[in-house]
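Notes follow the structure.
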Amino acid sequence: MNICLLNDSFPPIIDGVANVVMNYADIMTTELESNVVVGTPRYPNVSYDGYPYKVVAYPSFDTTDFVKGYRTGYPLSIREIDQMADSKPDIIHTHCPAASTVMARILRRETGAPIIFTYHTKFDVDIARAVGEGILKKEAIKAMVNNIEACDDVWVVSEGAGENLRSLGYQGEYIVMPNGVDFPRGRASDDMVKELDKTYDIPEGVPLFLFVGRLMKYKGLPIIVDAMNELAKKDIDFRMVFVGGGADQEEMQEKVKSYGIALDVFKEGASTGTNTPGSGKGKVIFTGPIHDREKLRAWNTRADLFLFPSTYDTNGIVVREAAACGLASVLIKDSCAAEGITHDRNGLLIEENAESMAQLLEAVSGDLDHLHQIGQNAMDEIYISWDKAVRLAYDRYKVINEMAKSGELGIRKHQSFEYLMNSAATILDGTQRVFVDIPKEINLGMREGYKEFRDEVRGNYQEFLDGMIENYQDFRDSFKANYQELKDNIKDSYEDIRSDVRESVDNIRGGVSEGLGKIKETFTDDFDDEKYDDNK
C-alpha cells in the first residue's frame, strides 16, 4: 500500500505527534512493506536524508515567536505536492489540523486518495497560548474544525479526546485509535538501574516518584511540587525525579528551592546535572532532558510510582511507557490519561489538587510491594506496543481504501471547497496578517473600533476562503501551460534587451563625453579671454 503521512512537526522538532509519525512510517516501511512518504515543513540547515522512507520537506516560514519552536508550512507548494502525488498514495493520513490538513486536501484533489485525520492533542489550548483568547482563537478553531470535517475518516486517541473535539464544534463521526509505545515490555537491565543509584542519592526502600515529559505547568507540575512539600513537612522520606526540560523548568526549580527540598546530596564524584541546590532536605531531582531510551527505561524501572496529574494530555503515552516497565501511575480522575485505569488495580486516581496527591502518596508509601503489584497489572492490562497499534491502524487503512474504491465514502463535506488561493503571495500575506499584523493592532489598543475591526476580519476571512478554489486550478493550469512560452519569450527577448542596453550605454557615454568636451572648451575660452582676473 502507498501511504502519505503529513504532520506539522518532525525532526529536528521532537514532540509526541512527531514520535507517532516516525513510528507509523518505520513500522509500515520495515514490517508491513508499504511505500511511505512523509510530508512536513522544512527547517533551515536540516538534512532529511537517511530515513528508510522518503521525506518531502516543503517550504515554511518562521512562526517560532508565536508557537514555541515551530515553523509554519506553506501548504500550496506545487512542486512538493507533485512529488507526493507521484507516489500515487492509497491513503493520506494527516496528524495536524493546520497546514498538514490543508495540504492533504489539495493532495486528495490531485490523487483521489481518501484522507484520514488523527486528533492527538487539545489544539485549542495551543492556539490560546499562541494568540490569546478572543476572535483570533475563535476563527482559528473554526477553520481547523472545518478542515477536520472535510476528512474522510476521523480518529481520536481516546474517548476524552473525542469529547474535547466535540466541544470545539466538530459534528462528524470518529473512532478511537490508540497510540502505542516504543518501550519493549519488561524491565530495564540491572546494570542500567544500578548506574542511577551510583549517580544520585536514592536510598533503597525509600519511595521514588517519577515524572517524565515537558516541564510545562499545564501538565500538573505545581500539584506535584506542592504535594512533595506537604510530604516533606511531615518528615516522610522520598525522592522525586523530574526528567525533561521545558518553558516552566526554571520556575519549578525555583519553587522547589524555595521549599528547601531540592536534592543537594549526590554520590561522591557524580555529576549534579541541572539540579538546583536546596537547604539540606534534598528530596527532589531535576535531571534535564534524557534522549537515551534505555536510560529512560532505567528510570521507569527504578521508580516506585509515576506521577502524571495532567488534564491536558489526550492519551498520555508516558503512562504506557511506565506500564511497559511495570510502573503504576497516579492520574487525575476522569482525565483522558486515566482512561482504562481502575483505581488500586492498574493505577491510582486522585482529585486535581496537591492535597489529594499528598494524602494518597502518604498512604501508599509504606507498602512498596503493593505499588509494584499495581505496576505489574498495568503492564499486563494497559500496555500496547507500537507494532500492535500501527497494525490496527493499517487494518483500518485497508477498510477505508476499499470504501474509497467502491464509492462508499461519497463526497465529503466541503470537498470542493479546498483551502487554495491565487498565488503564493496571497497566503504569505494572509499569514503575515494573522500572525503579525492583527496581534500588533490588538496590542496597540484598537478598542474604539473593535466592532468594525471584528466585522472586517470576519468579512475578509470568509472572502479569503471563498476565493481560493475558484482560482487555484486556473492559476495552476495557466502556469503550467504558459511556462514554456514564458521561457521562450525570455530567451528570444534576451539578445534584444542586451543590445538595447548596450546601445543606451554607448549613447550615454557619447553624450557625457561630448558634454565634458564642451565644458572644457568653454572654460578654456573664458580664461583665454581674461574674463576673470585675480580678484575674481
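The values are calculated or read from the model by the stated rules, or taken from the named source; none is laboratory data. Computed from a predicted model, the values in this text were never measured in an experiment. Cβ atoms come from the backbone with ideal geometry, glycine included; neighbour counts cover every protein chain shown. Heads up: the accessible areas ignore ligands, DNA and RNA and are worked out on the full protein's heavy atoms, side chains in. Shrake-Rupley method; radii C 1.70, N 1.55, O 1.52, S 1.80 Å.
Tally time: how many residues in the range 222-245 are under 21 Å from the mean Cα position of the chain (by Cα) and under 12 Å from LEU307 (Cβ atoms)?
Narrowing the range 222-245 to residues under 21 Å from the mean Cα position of the chain (by Cα): 243-245.
Of the ones still in play, those that are also under 12 Å from LEU307 (Cβ atoms) are 243.
Adding up the residues that qualify gives 1.
Across the range 345-379, what is the total count of residues that are small (Gly, Ala, Ser), without any contact (Cβ under 8 Å) to a residue 12 or more places away in the chain and part of a helix (DSSP H, G or I)?
2
For the range 77-88, what are the residues that are assigned to a loop (DSSP other than H, G, I, E, B) and open to solvent by 10 Å² or more (accessible area, probe 1.4 Å)?
Passing the criteria: ASP86, SER87, LYS88.
I need the full set of residues from the range 203-223 which are under 24 Å from CYS325 (Cα atoms), without any contact (Cβ under 8 Å) to a residue 60 or more places away in the chain and assigned to a helix (DSSP H, G or I), in order please.
LEU221
Test each condition in (1) assigned to a strand (DSSP E or B); (2) buried (at least 20 other Cβ atoms within 10 Å of the Cβ) for ALA25 and report the one that comes out false.
Unmet for ALA25, out of (1) assigned to a strand (DSSP E or B); (2) buried (at least 20 other Cβ atoms within 10 Å of the Cβ): (1).
Which of the residues spanning the range 282-318 are assigned to a helix (DSSP H, G or I), in contact with a Gly (Cβ under 8 Å, 6 or more places away or on another chain) and of a type in the set (A, V, I, L, M, F, W, C)?
Scanning the range 282-318 gives ILE317, VAL318.
Which pairs turn up if I take residues in the range 234-252 that are under 20 Å from GLY213 (Cα atoms) and look for partners that are charged (D, E, K, R) and assigned to a helix (DSSP H, G or I) with beta carbon separation below 6 Å, at least 6 apart in sequence or on another chain?
ASP248/LYS217
Among the listed residues ASP226, ASP237, identify the single one that is over 17 Å from ASN300 (Cβ atoms), part of a loop (DSSP other than H, G, I, E, B) and among the charged types (D, E, K, R).
Just one listed residue meets the conditions, ASP237.
Could you go through the range 408-420 and let me know if any residue there is modelled with pLDDT under 95, under 23 Å from VAL319 (Cβ atoms) and touching a helix residue (DSSP H, G or I) at 6+ places or on another chain (Cβ under 6 Å).
No, the range 408-420 has no match at all.
For the range 238-252, how many residues meet the condition of being crowded, with 21+ Cβ neighbours inside 10 Å and charged (D, E, K, R)?
Number of matching residues: 1.
Can you find even one residue in the range 104-115 that is part of a loop (DSSP other than H, G, I, E, B) and either at pLDDT 95 or above or crowded, with 21+ Cβ neighbours inside 10 Å (or both)?
yes
Regarding the range 205-221, can at least one residue be identified that is open to solvent by 20 Å² or more (accessible area, probe 1.4 Å), modelled with pLDDT of 95 or more and closer than 18 Å to SER356 by Cα?
Among the residues of the range 205-221, not one is open to solvent by 20 Å² or more (accessible area, probe 1.4 Å), modelled with pLDDT of 95 or more and closer than 18 Å to SER356 by Cα, which makes the answer no.
Quick one: LEU168 ticks every box in (1) open to solvent by less than 40 Å² (accessible area, probe 1.4 Å); (2) among the aliphatic types (A, V, I, L, M); (3) touching a residue at least 60 places away in the same chain (Cβ under 8 Å) bar one, so which box is it?
(3)
Here is a yes/no grid of residues against (1) touching a residue at least 12 places away in the same chain (Cβ under 8 Å); (2) open to solvent by 10 Å² or more (accessible area, probe 1.4 Å); (3) in contact with a Lys or Arg (Cβ under 8 Å, 6 or more places away or on another chain); (4) of a type in the set (S, T, N, Q):
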site: ALA140; (1), (2), (3), (4): yes, yes, no, no
site: GLU149; (1), (2), (3), (4): yes, yes, yes, no
site: VAL154; (1), (2), (3), (4): yes, no, no, no
site: GLU163; (1), (2), (3), (4): no, yes, no, no
site: MET177; (1), (2), (3), (4): yes, yes, yes, no
site: PHE183; (1), (2), (3), (4): yes, no, yes, no
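Which of the residues belonging to the range 29-63 are in contact (Cβ under 8 Å) with a residue 60 or more places away in the chain, of a type outside the set (Ser, Thr, Tyr) and over 19 Å from ALA85 (Cα atoms)?
Within the range 29-63, GLU31, LEU32, PHE61 qualify.
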